[in-house]
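Structure first, then comments.
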Amino acid sequence: GFRLKPAGATRVTPWRFVGLCGLGAAVGPRDMAPDGGPVVAASLAAAAGGGGAWAARLLSIEAAEAELAAGADAERALELELEKLYGRAAHLCQAESRSLAYAGEQHKQVPAAIRRLQETLQQTSGVADELSGRVRRLDAVCGRVGEALKIVDDMLELRECSDHVMKAIATEDFERAARYVARFRASQDALPPGTDDASVQVLREAEQQLGFAIRQRFEAAIMAKDKAAVSRFAKMFHPLGLAREGVEKYTEFIRRSLADRCASEFKALVPATAGKRAADAEPSPYAQALTSAFMEIADIVQEHQQSVEEEFGSDNFVAVLRGMVDEADTQALRVIDKFTKDNIKVFKQHAGIDTREVGAVLEETALITQRTQQFHSYVHNVAASVVEMIEDKEAWKAELPAGCSEEDGLLLETKLVRRVQELVSEYVQVENSFLQQSVEKAVRETDMLDPEDGDVFTTTLVDDVFFILQQSLLRATSTFEVQAVGATLNCVSDAIGDQLKAALHNNLQESKRLYSNWVSHAKNIAQPAPGQNPLESLFKDSEGKLRPNLTSAHSWPHSLNNLQQCLEYLHKLKEATEAAFEDSFPHDGPDKDKLPMLHNLLSMALDDKKQELDQMHALHCREGVTMFLGHLRPSLEPLGRLDYNIDEAQYSDFQVNDPFAKAFNNATEMIYQHIKLVINSNSCEEIMQELATRIVKRLEKEALSKRFSLLGALQFESDVRVLCSFFTNVSEQALRHKFARLFEMASLLSLESVDELRELFSEVRNWKLAPDEIRKLIDCRVDFEASETELSLLLPS
């Protein structure tokens, strides 16, 4: 039943077959017969002992053979796949071998190829060098041809110019002639020597003739003051190579025309004090003349800047500006010298001159200074903007005249600037003298009280003084000179601290003497009839006649109101001056760094004086309270005699017949109504606050010196509340804190037992009473039972 495998197949041995058939793993080669088969008999004998199991095994031989056949098929399939793989491997090895052989052959050919490439590159380089040489030779030839053509064009242009220039000069077509000469000047350096000497000679003669003609016509235009002709011929200097001469002559014309115009205005100058001056003349003729000169220069700049820059260049326009600034200095100095000469008595005498005349001179001085500062700021800004457009700045800087700024090309300090600084120094002296005289006159001579006006309780003193101070500060600020502002601030501070403060103090002292006597009569503080001045009787003498020349020295309310008005006006003066600083020294201006210093100077000048006047106001309000206390003494007398150690009957009586508080409030109400009519609200508030302080101190003193029953303590608390309520109603500011100590006293005096005392001191509170005062108040209670030990433990030490 065995089949032989084909060649190359795996041999299946009989013993292996037996194992596969399930006959037992013990069958091996030693159990096989000499012919190679198994010992069947032995096997059958061994199987016979198994009975039915042997039959089952015999039945699975067919399945084993099927398995064997399937394994053989799989084995054959694997052998075929291996053969295919081997064939492909052999093919690949052969292909790679051929590729390697080809690569080897190619590698052997590389050196030869490299040599051939080098030879080719050398040949190409030689060709390129030859072509480059040819191109260079062609370029040189083209350049020479271009030069030759340019020479030809220049020669043709030269002949054209020589043929037409004389005709243009003859027909006075100077613009066309100037263009011909300019073309000749531009090309003559490019022509070789000896080129068309006849044409060159003609053009050079034409250049000389044209230059002479233009100079002649320009001078004639200047003499005739023909601006159009001057502008026309000035532009022709540049094509002739005479730009600098043209700039100088044009500047000369501008200066001459400016001088002529200023001369006519200079002759019309008349001082403000001259009797022959017309009524409709300008209020500041010198400043107006100065402003006209500056405006004329500004108009010239706007009219001619563009044309001058186009014809002569930006650097030459700066030279024109220097000439105009120099002429402006000359004309302005004439005006300023005449101004100071015509007003010599104001600048030299200072005293004994009409204040209106001095004020007019100061106003014009400030205006002259302001206009000069504005002009210089304007012209320097224009010059700086022009300098920015100059291309070769280093060459321009090298040619700058001595003393000129590299930023704008103008002089750092002109004669006019120095003269204005001298004028400012003179102005400061006159301003200070004028301020002192004017303030002195306002406080001594012009102060006036109107007895007919029952609504205004100030005099003219404060309005006049602060009008003078404000005008002086604003005038100094308008000069744009920090020196003038600083000096004027010092003078204003001195005037407030010395003259004004002394006048206010003297008026208060003098008026106090009259008013204290007058106010001591109850009828004088009673409510006046409708339309009647509450102080009418104060202004009359013993005969009932109105006192003449009434001033604040005759009325203490008017003097106190003046003092309070000074405090308000000081604040307004500071605000107005700060606003003027912002206008005259803007944050984006040249003097912006000086603005903080000016604000600091202003605060130093006014803040200290305001504090001094504040202290003075508080002092005189306290003195006013002293004057009014005469009306309150009768209502306070019962307080000194009042006994708070009362029983129920007395307490009931006090509820009906108030011992002193209501009567005191009524007397105080009368005083309050009077001062509310004649004294400003701030001073009235100050007086009522001071009066409350004094009453509180009086009550505290009385409380610490009296004996109290429980009912007396309740009455005391009621009195304190009545007084506090009154002062709270008549006062605009909070003053309940002034009664805090009295309310603490009332709380302590109203305690009924030690338990209440213990509860009171168990609360966390900040006592305003001192420990010894608390102990003294507890001792003042006649019906409060507490041992010394209990008090020592409960009360603060």
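The values are calculated or read from the model by the stated rules, or taken from the named source; none is laboratory data. Note that the coordinates shown come from a computational prediction; the quantities given were computed from them, not determined experimentally. Reconstructed Cβ throughout: ideal geometry from the backbone, glycine too, with neighbour counts over all protein chains shown. Keep in mind that these areas ignore ligands, DNA and RNA; they rest on the heavy atoms of the full protein, side chains included. Shrake-Rupley method; radii C 1.70, N 1.55, O 1.52, S 1.80 Å.
Mind listing the long-range amide H neighbours of LEU550? Cut-off is under 5 Å, sequence gap 5 or more, other chains count too, H placed in the peptide plane at 1.01 Å from N.
Long-range HN contacts for LEU550: LEU449.
Within the stretch 503-546, what residues put their amide N at less than 13 Å from the label point 7 Å along the Cα-to-Cβ vector of MET670?
519-528
Sorting check: for 751-764, 486-499, which peptide has the highest mean count of neighbouring beta carbons within 10 Å, and how do the rest follow?
Top of the packing list down: 486-499, 751-764.
If you take the beta carbon distance between GLN374 and ALA734 as r and set R0 to 60 Å, what does 1/(1 + (r/R0)^6) give as a FRET efficiency, to the nearest 0.05?
0.70
Could you give the nm distance between label points at GLU763 and ARG641, where each point is 7 Å from its Cα heading toward the beta carbon?
Distance between the two pseudo-spin positions: 3.7 nm.
Full-extension gain between ARG232 and LEU704, please, as 0.36 nm times their residue separation minus the C-alpha to C-alpha distance.
Result: 159.4 nm gained on full extension.
Which far-off residues, 5 or more places away or on another chain, put their amide H under 5 Å from the one on LYS540, with H placed in the peptide plane?
ARG547
With θ set to phi - 60° and the Karplus curve 6.51 cos²θ - 1.76 cosθ + 1.60, what are the ³J(HN,Hα) couplings of the stretch 424-436 in order, to the nearest whole Hz, using x for Gly and Pro?
Couplings: 5, 4, 5, 4, 4, 5, 5, 4, 5, 5, 4, 5, 5 Hz.
What accessible area per residue, rounded to a whole number of Å², is obtained for the stretch 433-522 using a probe radius of 1.4 Å?
41
How much of the accessible area of the stretch 288-403, in percent, comes from carbon and sulfur atoms when a 1.4 Å probe is used?
That fraction is 47 percent.
With a cut-off of 19 Å, note down the residues of the stretch 406-449 whose backbone N falls inside the zone around a label point 7 Å from the Cα of GLN483 toward its beta carbon.
412-434
Sorted by packing (mean other beta-carbon atoms within 10 Å per residue), highest first, where do 533-539, 101-107 land?
533-539, 101-107
Less than 19 Å apart at the alpha-carbon level, and either on another chain or at least 8 residues along: which aspartates and glutamates does that give for LYS345?
In chain and number order, the partners are ASP337, ASP354, GLU357, GLU363, GLU364, GLU422, GLU426, GLU431.
Can you order the peptides 551-564, 582-595 by their average number of other Cβ atoms within 10 Å per residue, highest first?
Put in order of decreasing packing, that is 551-564, 582-595.
Determine the share of the stretch 429-491's accessible area contributed by carbon and sulfur atoms, expressed in whole percent, with a 1.4 angstrom probe.
Of all accessible area on the stretch 429-491, carbon and sulfur atoms account for 47 percent.
Give me the aspartates and glutamates in straight-line cross-link reach of LYS545: C-alpha distance below 19 Å, same-chain residues under 8 apart excluded.
ASP450, GLU452, ASP453, GLU536
Once both labels are modelled 7 Å past Cα along the beta-carbon direction, what's the GLU543-ASP591 spacing in nm?
Placing both labels 7 Å beyond Cα along the Cβ direction yields 5.9 nm.
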